[in-house]
Amino acid sequence: MGRPGFFDAHCDTVMKVLDGGEQFLLPEGSKHVSFPGMVAADIRVQVFACYVLSAHFPGREYERACQMIGAVKEMARSTQGALQIALSGDELVQAFNGGPRAGILSLEGADPLGDRAETIREFYGQGIRSLIFAWQDNAFSGTAFGSNTPLTKQGRRLLGLCEELGIVVDVSHLSDLAFEEVAQLSDAPFVATHSNCRALCPSPRNLTDDMIRTLADQGGVIGINLAPAFLDPAYYGEASTLFEKTLQKNLADAEKDRARIQMRAIPRPSINWIARHTLHAMNVGGEDCIGFGGDLDGITQTPEGIDSVTDYAKFVPLLGEAGLSDKQIEKVCYRNFLRVFSTVLATG
């Protein structure tokens, strides 16, 4: 089959541009995602995460989020209209029908809201159309690497506001208990933009089979994450203790840096793990619940053969060799995420 185009549900490229001095219009540098790379791989829709953690920007969370949103908008402006920030479902559909490529603004962690769910209205006005409630435990939710607490009262209020406004709820990073509450309380489909299958790799960041079935039953989609520790159980076994060190609040930065260097020295897993997680999720939840959310520029290592966004082109033959039909490959590459986002953003 020809290349179907891609909807990628998560990248952290704005951090490389804003903090690392990378140029979005140039393919060179340390980043995974560039605009030339998006064109080469035919990424038609890209979700750009604006990741803000209180521990990194205490007292300046709101300011930092606004700065990141502005940076993504400037990245889009630099393409002279070839990439535009999408506010409605129609703009996403048009991106696959000859229109400009579409960027979606996502807030990764609701820390910039302080402790008031209502603040999401301000970010909606700035263009935010997707939201992960928490990266670490916060005023809205518990998380996978936190205390496994559920949504708070403000978290439940935030969920209702997302459905009212037309913001896609993303359960990646949330605790199992918070996931259960989102599933129980949601009327709209929700997504896990960059999470894999816990049955194959036991990281708590991955979804159990029951979670995948629940998400699929409610019309949602799970986006396969390219992080080796979420793909390969052997890699996870070596990396998990080192990763936990990087999260320790009282550990010296030098020790955290040493742990990161050790993680980067672990051999990269085979690209075939991408197909294995895709097939497993499909067997559990059906062919309508799988997509891609690479987490590029938010991860330091990738599977063998995946060095930048341009390598997304390898996914089509990979999935074909795994036994997927052309129709199923299209669903995984873009149709499934396009369905959910265009539905939720329909009135944006």
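A crude spin-label estimate for the pair Leu26 and Phe243, with each label 7 Å from Cα along the Cβ direction, gives 3.2 nm. A Förster distance of 25 Å, applied to the separation of the beta-carbon atoms of Arg3 and Ser78, puts the FRET efficiency at 0.50. Separation of the alpha carbons by more than 28 angstrom is noted, of Lys245/Lys331; Lys16/Lys314; Lys73/Lys249; Lys31/Lys73; Lys153/Lys249, for Lys245/Lys331; Lys73/Lys249. Result for the chain in a Gaussian network model with C-alpha springs under 10 Å: among Pro267, Pro228, Pro112, the largest mean-square fluctuation is at Pro267.
Taking 0.36 nm per residue of separation and subtracting the Cα-Cα distance, full extension of the segment from Asp176 to Glu164 would add 1.9 nm. Beta-bridge orientation, the chain: approximately 5 percent antiparallel, per DSSP, counting only bridges with both partners inside. Entry note, the chain: relative contact order of 20 percent, from Cα contacts under 8 Å with a spacing of 6+ residues. Given a 10 angstrom Cα cut-off, can you work out which residue in Phe35, Phe57, Phe292 is the most mobile in a GNM of the chain? For the chain, modelled as a Gaussian network with Cα springs under 10 Å, the answer is Phe57. The phi torsions of region 78-89, fed into the Karplus equation with coefficients 6.51, -1.76 and 1.60 and a -60° offset, translate into couplings of 5, 8, 6, x, 6, 10, 10, 6, 8, 10, 9, x Hz, rounded to whole numbers, with Gly and Pro shown as x. Comparing Arg44, Arg157, Arg213 in a Gaussian network model of the chain, where Cα atoms under 10 Å apart are tied by springs, the biggest mean-square fluctuation is seen for Arg157.
Close amide-amide hydrogen proximity is noted between Ala144 and Leu174, Ser175, each under 5 Å apart and 5 or more residues distant or on a separate chain (H modeled in the peptide plane; Pro and chain starts excluded).
In this rough spin-label picture, where each label sits 7 Å from Cα along the Cβ direction, the Ser88-Asp115 distance is 3.9 nm. Listed by Cβ neighbour count within 10 Å, with the fewest neighbours leading, Ser240, Ser186 appear as Ser240, Ser186. Each residue of region 93-105 is assigned a 3J(HN,Hα), and the resulting list reads 4, 5, 4, 9, 10, x, x, x, 4, 10, x, 10, 8 Hz, derived from the Karplus form 6.51 cos²θ - 1.76 cosθ + 1.60 (θ = phi - 60°), x at Gly and Pro.
Annotation: amide H of Ile224 within the under-5 Å range of Gly291, Phe292, Gly293, sequence separation 5 or more or interchain, hydrogens built in the peptide plane.
Go ahead and estimate [θ] at 222 nm for the chain from helices alone: -39,500 (n - 2.57) per DSSP H run with n ≥ 4, summed, over the residue count, rounded to 500.
After summing the helix terms and dividing by residue count, I get -11500 deg cm²/dmol.
Full extension of the chain between Leu185 and Ala254 gives 20.5 nm of extra length, using 0.36 nm per residue less the Cα-Cα distance.
Computed from backbone phi, the HN-Hα couplings of region 197-205 come to 9, 5, 5, 9, 9, x, 4, x, 6 Hz, rounded to whole numbers (Karplus: 6.51 cos²θ - 1.76 cosθ + 1.60, θ = phi - 60°; Gly and Pro given as x).
With the simple model of a label 7 Å out from the Cα in the direction of the Cβ, Phe57 to Ala313 spans 3.6 nm. Judged by the ratio a/c of the largest to the smallest principal axis of the C-alpha gyration tensor, region 130-225 counts as oblate, that ratio being 1.5 or greater while a/b is no larger than b/c.
Near Ser325, once Lys and Arg are set to +1 and Asp and Glu to -1 for all other residues with Cβ below 15 Å from its Cβ, the sum equals -2. Footprinting exposure proxy ranking of His10, His280, His56, fewest other C-beta atoms within 10 angstrom first, gives His56, His280, His10. The residue among Thr302, Ser342, Gln262 whose Cα reaches farthest toward the positive pole of the charge dipole of region 203-348, with charges on the beta-carbon of Lys, Arg, Asp and Glu, is Gln262.
Between region 84-102 and region 155-216, the alpha-carbon centres lie 25 Å apart. About its Cα centre, region 132-259 has a charge dipole of approximately 260 debye under the convention of +1 per Lys or Arg Cβ and -1 per Asp or Glu Cβ, with nothing else charged. Placing +1 on the Cβ of every Lys and Arg and -1 on the Cβ of every Asp and Glu, with nothing else charged, gives region 215-263 a dipole about its Cα centre of roughly 180 debye.
The computed log10 I(q)/I(0) by the Debye sum over Cα atoms at q = 0.08, 0.13 Å⁻¹ for the structure shown corresponds, within (i) -0.42, -1.11; (ii) -0.33, -0.96; (iii) -0.39, -0.97, to (ii).
Bear in mind that the values in this text are calculations on the coordinates, not laboratory data. None of these values were measured; they are calculated from a predicted model. When we count neighbours, we look across all protein chains shown, and the Cβ atoms used for this are built from the backbone with ideal geometry, even at glycine.
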